[in-house]
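Data first, discussion second: the structure below is written as structure tokens.
The values are calculated or read from the model by the stated rules, or taken from the named source; none is laboratory data. Everything quoted here is computed from the prediction, not taken from an experiment. Cβ placement follows ideal geometry from the backbone for every residue including glycine, while neighbour counts extend to all protein chains displayed. Calculation scope for accessible area: heavy atoms of the full protein, side chains included, ligands and nucleic acids excluded. Shrake-Rupley method; radii C 1.70, N 1.55, O 1.52, S 1.80 Å.
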Amino acid sequence: MRKTHALVQVAIAFLDDPASGHWGYELSKRSGVRSGVLYPMLTRMLDEGWIEDRWEDPTAIRDKRPPRRYYELTDEGRVALGAILQEARSDARFTTVRWRWA
Amino acid sequence: MTELLHVVASWPSLFLVVIVFGFAPGFCLRLIALAYPRSDPRRKELTAELYAVPRIQRPLWVAEQLEVALFEGLPHRVSAVIRSRANRASTAELLSRMRKRERAAWDEMVHRYGTVVTTTVRSFRLQDPDALDAVQMTWLRLAENLDRIKFPERLDGWLATTARRECLQILRRGDRDKGERQS
């Protein structure tokens, strides 16, 4: 996948909390990537095997809303996104990105 | 052409767009989701996410989904339809494969003609177990009469008639039971 600002930001958002599931709107809020860019990217990440998707358990939902689709990092994805961030850190293009994840 | 442009760019149509996107974003989003292939989980995902988006931002968010759906969903949808058209075996072929006891052919048959049987049965408003019985019996009759189907292109009519006959039989049996209990 081509390294873009959006990809780096999504990688940061994922690795902020690598163990738990993330859903689309929350990811787009935290990464600051608009959904029109984020959703195709998530599809490509699924194809690459970097993330896995699952549906929220409808019985566990308290408030009135439909179940969400959650994305979780796979081991492969953790390595791949980590590598991307490692490279991006030394890349002059990405100096403006806020590095929350250490 | 210029007339069309005038209509599209006129104030009333802008107004209409604002109203539709502004007040019925859920409706618009569900329409947009239809651009994705039938099995794509994104269809359900998008509607689930809409309700997390703040109300003010919803119209813009929905407009953005339209953009993604046109580029991402529609090509997949179209190619899926084309592929299924190309792979579609004729009913006669299916029947001959079913005679050879091919399991996949049966699955395809039930997938293709299942609605004919279920809608016919449903029109009789039977109790659930009876309705299931009628559906099962219809498929059983097809299995028994595979060699006797002369006009594969009229199989849907044959199935509907058979289903209707099974339903009537069940209704008659129900009436008789009731009659016996009363006497």
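What to note about this one:
- Note on the stretch B:38-126: the alpha carbon radius of gyration divided by the globular reference 2.2 N^0.38 Å gives 1.65.
- On Cα atoms only, tilt of B:103-122 relative to the major axis of chain B in degrees: 90
- Cα-based helix-to-principal-axis angle, B:11-23 vs chain B, degrees rounded to 10: 60
- Set of lysines with alpha-carbon distance to A:Lys64 below 26 Å, sequence-local pairs under 8 removed: A:Lys29, B:Lys44
- The 3J(HN,Hα) values that the Karplus relation (6.51, -1.76, 1.60; θ = phi - 60°) gives for the stretch B:136-146 are, in residue order, 4, 5, 4, 5, 4, 4, 4, 4, 5, 10, 3 Hz. Gly and Pro appear as x.
- Whole-number D in µm²/s for chain A (Stokes-Einstein; Kirkwood sum over Cα pairs; 20 °C, 1.002 mPa s): 151
- Computed P(r) (all Cα pairs; the protein assembly as shown; 10 Å bins; percent): 5, 19, 19, 19, 18, 12, 5, 1, 0, 0
- When the residues B:Val17, B:Val8 are ordered by accessible surface, computed with a 1.4 Å probe over the protein chains alone, the sequence from largest down reads B:Val8, B:Val17.
- Per-residue SASA remark: B:Val135, around 30 Å² accessible (1.4 Å probe; ligands, DNA and RNA not included).
- Within a Gaussian network of chain B (alpha carbon springs, distance under 10 Å), most fluctuating of B:Arg148, B:Arg101, B:Arg85: B:Arg148
- In chain B, helices alone account for a calculated mean residue ellipticity at 222 nm of -24000 deg cm²/dmol, with every DSSP H run of four or more residues adding -39,500 (n - 2.57).
- Residue mean of other protein chain beta carbons inside 10 Å, B:61-74: 3
- Chain B, relative contact order in percent, only Cα pairs under 8 angstrom and at least six apart counted: 16
- Counting Cβ atoms of other protein chains within 10 Å of each residue's Cβ and taking the mean over peptide A:42-54 gives 1.
- The largest accessible area among B:Arg154, A:Arg34, B:Arg43 belongs to the first residue in B:Arg154, A:Arg34, B:Arg43, and the rest follow in falling order (1.4 Å probe, all chains).
- Residue mean of other protein chain beta carbons inside 10 Å, B:41-51: 6
- Note on chain B: Cα convex hull, mean projected area over all directions, 18.1 nm².
- Cβ-defined net charge surrounding A:Thr4, 14 Å radius [Lys, Arg +1; Asp, Glu -1]: +3
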